[in-house]
């Protein structure tokens with residue numbers, strides 16, 4: 001049995017109001033938000049009613065008022081259209097409605113959807129009001145005739161967009177792009193910083209899932225969302241670099257953060273802004289975590305992350321470098337006055353690749369994460385003639401491209417599946433190939449041979465693809481008798497990392513998963529231990545920088561609620577609702593993405609200079625003009 | 001050159017041209033309040049809509065920012081186009097009922113314009129001034145106020161950044177409604193409420209440009225200020 005009385009979601013009309021047997025609304029119809037049942041909801045893609053007492057004209061007016069705040073006024077029809085609707089409804093409610101008002105509203109709504117410049121005006125601003133008028137016309141008529149009063153209710157509202165929903169940290173992407181379009185780079189940066197405290201880093205090294213979901217993909221190409229973020233960050237740094245917002249009134253409570261990676265920095269920044277005293281304990285001599293010791297300079301120059309870490313320090317966050325926590329002593333931290341602890345230690349320990357010879361301690365057979373860390377901390381690495389890198393992720397690619405730059409002559413990646421299954425970013429793979437990295441697919445190592453402490457040979461076996469495994473990718477199966485040997489002077493194993501949790505004495509008490517990661521609640525970031533929170537790679541396993549930032553953003557709010565003894569209220573989740581769909585598409589002229597320059601592959605060897613160029617201000621503004629501003633609004637009770 | 005079809009006529013258009021430009025070449029009149037030949041299109045007023053055939057369907061599209069494409073089919077004079085333009089004009093008139101320029105174009109497009117006050121000069125947010133300031137002048141003294149989640153601005157407007165303005169008056173020149181007011185009183189020009197000292201021509205003595213503007217041009221081009229002190233008539 002369905003609890004839906006009426007739904008026009010996605011344009012599929014289901015009317016159970018007079019039906020004897022109630023039909024089911026099916027999946028994807030938002031009847032619940034964050035687990036709470038909604039009585040009535042109006043959103044960009046329709047109207048959903050579950051409670052017969054819901055006042056639809058009142059809900060529609062609340063929607064119009066929220067829509068008015070989102071309408072930019074850059075084109076005249078959307079905003080004036082909304083104003084006209086509000087005026088007409090207020091007139092109706094005041095008993096001054098006119099005959100033909102509803103037909104007039106319908107005409108304006110259709111016209112505005114056809115004429116608006118952006119997707120907010122086209123698909124969100126007024127489209128669902130049409131459903132309200134069409135299917136709940138009696139209520140509007142009753143209002144106009146003075147037979148009904150508007151209910152005085154407070155409605156909740158939330159905003160998303162396809163790009164925002166795809167972003168792990170839900171950045172207000174159309175918002176910061178709009179600010180760039182209006183030549184307000186510093187305002188744009190400050191908006192970005194609300195959910196992304198490392199904008200220059202993320203503007204270079206993000207895996208940008210937002211771009212995969214950009215509505216523009218269906219027309220020409222995605223917006224260069226990542227590069228626009230970088231443009232805002234670079235613009236500000238070129239002007240001398242603005243300070244981060246001042247902190248609220250100083251609070252007496254202190255919080256300890258273990259690890260100055262993206263998660264730890266985000267937690268520290270937000271808690272500091274709320275007025276807490278924050279101390280970060282960092283094992284390495286530098287901040288940034290994997291952004292610093294996992295991503296080579298040619299993708300992310302150190303001065304970018306140093307600048308952004310310094311800004312966080314300058315607002316009063318204490319960062320104690322070279323302070324490895326060997327043993328987590330909560331009692332001691334409590335004695336020092338820390339009310340809560342956030343664990344953001346990352347996943348820096350390489351995993352075994354499962355081949356013979358792995359146990360030997362040898363400078364020529366190293367872990368990928370260790371290799372990149374040594375490199376970034378300035379350790380001298382002698383180039384050899386040949387290196388074999390095992391793995392298909394971004395770490396493997398980063399190791400390979402770094403080796404070429406160090407002067408290795410022959411750099412080869414072995415991956416046990418095919419290109420299609422390779423987890424590394426396509427653009428990274430392309431760059432590696434362009435620079436001369438060789439990739440051998442469907443090959444796995446069997447044994448690494450050493451002589452007098454030096455690697456001499458690697459034995460490999462060919463693979464073929466079988467049925468998909470639990471990850472959905474086709475499983476590699478060894479081909480019997482396909483073994484071969486190849487000479488090499490170095491092997492780098494880059495097949496994955498796990499957190500190094502040696503500092504946790506009682507793992508059972510804290511809670512550790514079978515994957516070797518810390519157990520933490522995915523919403524509140526609480527661990528099993530009172531006052532201890534955790535987030536980022538040490539909880540998720542090796543994930544992305546932006547996911548770590550998201551964990552930090554939310555954990556800060558959760559820690560604040562914990563210290564103040566309040567309930568933590570997470571933001572509205574649009575999970576399970578297709579935010580990509582819009583009922584009115586309209587005509588959009590194609591306009592290709594603004595391109596940036598890349599360093600000539602011929603001069604990349606021997607140098608760790610940044611490969612990808614950025615936008616200048618004018619080019620960034622041009623790219624920002626391509627944004628279709630696909631804000632999606634929902635209002636509900 | 002590429003070939004497109006406008007109102008059934010096959011025409012050749014320059015690559016990179018907009019549908020509006022191609023139509024204007026054919027002397028087809030298309031109404032607009034926000035486009036100007038030297039500025040990039042902005043699509044603010046929505047008055048220039050035409051029908052474009054896309055995926056086999058006729059769709060409304062603003063002609064000012066639609067680039068021509070080989071084989072494109074356009075209709076500029078159908079009922080749907082007229083209805084669209086009329087609604088866009090109607091909404092402008094709804095918001096700015098006493099602004100002369102709006103009343104005039106609304107009347108032309110079939111909107112019932114009531115008798116009454118017609119001498120106001122409201123800003124209709126067409127963006128001509130912001131684009132001129134950014135694209136032609138290059139000083140960015142004018143910009144749109146932004147909107148979005150949590151930024152609850154009641155009425156968007158053009159922001160004037162006095163420090164950046166050089167008083168050149170280009171914005172007043174392109175403004176379609178007379179909202180941007182500029183007053184020259186010999187040695188002084190007033191625009192956006194800011195006073196600018198004027199420079200007099202070294203030859204004829206006439207006040208011809210703000211000192212700030214000449215300083216800016218000198219800085220930008222490297223031409224010494226003294227050499228810029230001659231007005232265009234005397235040069």
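Let's test the formula: R0 of 56 Å, r as the Cβ-Cβ distance of residue B:112 and residue A:186. What FRET efficiency results, to the nearest 0.05? Show your work: numbers first, answer last.
Details: r = 46 Å, r/R0 = 0.83.
Between residue B:112 and residue A:186 the formula returns 0.75.
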Legend entry - Whole-number percent relative contact order across chain B, with pairs defined as alpha carbons under 8 Å at least 6 apart: 13
Legend entry - Where only alpha carbons of region A:365-479 are counted, the Rg and the Dmax (Å): 14.7, 44
Legend entry - Protection-proxy order for peptides A:390-398, A:63-71, each taking the mean of Cβ atoms within 10 Å per residue, highest first: A:390-398, A:63-71
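Please compute the length gained on full extension between residue A:505 and residue A:467, using 0.36 nm multiplied by the number of residues separating them and subtracting their Cα-Cα distance. Don't jump to the answer; show the numbers that get you there.
Details: separation 38, 0.36 × 38 = 13.68 nm, distance 4.06 nm.
Taking residue A:505 through residue A:467 to full extension adds about 9.6 nm, to one decimal.
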Inset, instruction - For the protein assembly as shown, give the share of DSSP beta bridges that are antiparallel, in percent and rounded to the nearest 5; count only bridges with both residues there. - result: 65
Inset, instruction - Take the alpha-carbon centre of region B:80-117, take the same for region A:373-425, and report the distance between them in whole Å. - result: 65
Inset, instruction - Can you tell me how much longer the chain between residue A:382 and residue A:600 gets when fully stretched, taken as 0.36 nm per residue apart minus their C-alpha distance, in nm with one decimal? - result: 76.0 nm
Inset, instruction - Using a 10 Å cut-off on Cβ to Cβ distances, tally the other chain neighbours for every residue of B:90-100 and report the average as a whole number. - result: 3
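Seen from all sides and averaged, what is the projected area of the convex hull of the Cα atoms in region A:273-417, in nm²?
Numbers: hull surface 44.9 nm².
Projected over every direction and averaged, the Cα hull of region A:273-417 covers 11.2 nm².
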Inset, instruction - Assuming R0 = 45 Å, can you tell me the calculated FRET efficiency for the pair residue B:69 and residue A:352, based on Cβ-Cβ distance, to the nearest 0.05? - result: 0.20
Inset, instruction - Determine the shielding of peptide A:170-183 by partner chains: average, over its residues, the number of Cβ atoms on other chains within 10 angstrom of each Cβ. - result: 3
Legend entry - For chain A, calculated [θ]222 nm from helices alone, where every DSSP H run of n ≥ 4 adds -39500 (n - 2.57): -10000 deg cm²/dmol
Legend entry - Using alpha-carbon coordinates, inclination of helix A:225-238 to the longest axis of chain A, degrees: 70
Inset, instruction - In whole angstrom, note down how far apart the Cα centers of region A:580-637 and region A:239-303 are. - result: 28
Legend entry - Binned Cα-Cα distances of region A:466-599, short to long, each 10 Å bin given as a whole percent: 9, 21, 24, 22, 17, 7, 0
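What is the gain in length, in nm to one decimal, between residue A:99 and residue A:220 on full extension, counting 0.36 nm per residue of separation less the C-alpha to C-alpha distance? Display every interim value, and only then the final one.
Values: separation 121, 0.36 × 121 = 43.56 nm, distance 4.49 nm.
Taking residue A:99 through residue A:220 to full extension adds about 39.1 nm, to one decimal.
Mind ordering A:439-450, A:150-161 by average Cβ neighbours within 10 Å, highest first?
Numbers: A:439-450: 18.8, A:150-161: 17.3.
Highest to lowest by the protection proxy: A:439-450, A:150-161.
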Inset, instruction - Report the Stokes-Einstein translational diffusion coefficient (µm² s⁻¹, integer) for chain A, Rh taken as the Kirkwood radius over Cα pairs, at 10 °C with viscosity 1.306 mPa s. - result: 58
Inset, instruction - Consider a paramagnetic label point 7 Å from the Cα of residue A:363 along Cα→Cβ; state which residues of region A:483-509 have an amide N under 20 Å from it. - result: A:488-493
Legend entry - Relative contact order of chain A, defined on C-alpha pairs under 8 angstrom at six or more residues apart (%): 19
Inset, instruction - Could you line up B:120, A:560 from fewest to most neighbouring Cβ atoms inside 10 Å? - result: B:120, A:560
Inset, instruction - Among A:629, A:567, A:591, A:557, rank each residue by its count of other Cβ atoms within 10 Å, from fewest to most, as a rough exposure measure. - result: A:567, A:591, A:557, A:629
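Need one value for B:124-134: mean number of C-beta atoms belonging to other chains within 10 Å of its residues' C-beta atoms. Let's see the in-between values first.
Details: counts 2, 6, 3, 3, 0, 0, 2, 0, 0, 1, 5.
Taking the mean over all residues of the peptide, I get 2.
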Inset, instruction - Specify the angular offset, from 0 to 90 degrees and rounded to the nearest 10, of the alpha carbon long axis of helix B:79-95 from the longest principal axis of the alpha carbons in chain B. - result: 40
Legend entry - region A:1-127 - Rg (one decimal) and Dmax (whole number), Cα, Å: 15.7, 48
Legend entry - Cα convex hull of region A:350-428, projected area averaged across orientations, nm²: 5.7
Legend entry - Rg and Dmax [Cα atoms of region B:2-108; Å; Rg one decimal, Dmax integer]: 13.9, 43
Inset, instruction - Rounded to the nearest 0.05, what FRET efficiency do residue A:138 and residue A:447 give with R0 = 56 Å and r taken as the Cβ-Cβ distance? Could you check? - result: 0.10
Inset, instruction - Write down Rg/Rh for region B:88-213, rounded to two decimals, with Rg from the C-alpha atoms and Rh from the Kirkwood relation over Cα pairs. - result: 1.06
Inset, instruction - Compute the acute angle (0 to 90°) between the alpha-carbon long axis of helix A:302-314 and the principal axis of greatest extent of the alpha-carbon atoms of chain A; round to the nearest 10°. - result: 60
Inset, instruction - Give me the distance in nm between label points sitting 7 Å out from Cα along the Cα-to-Cβ direction at residue A:575 and residue A:86, one decimal. - result: 3.5
Inset, instruction - Return P(r) of chain B (all Cα-Cα pairs; 10 Å bins starting at 0; whole %; ordered from short to long distances). - result: 7, 25, 27, 23, 14, 4, 0
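What's the exposure ranking of A:515, B:58, A:44, going from fewest to most Cβ atoms within 10 Å?
Fewest-to-most ranking of A:515, B:58, A:44: A:515, B:58, A:44.
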Legend entry - Rounded to 5, the percent of DSSP beta bridges in region A:350-498 classed as antiparallel: 50
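Each reported figure results from applying straightforward, stated rules to the coordinates on display, with no laboratory input. Quantities reported herein were computed from a predicted structural model and do not represent experimental measurements. All Cβ positions, even for glycine, are placed from backbone atoms using ideal geometry, and neighbour counts span all protein chains on display.
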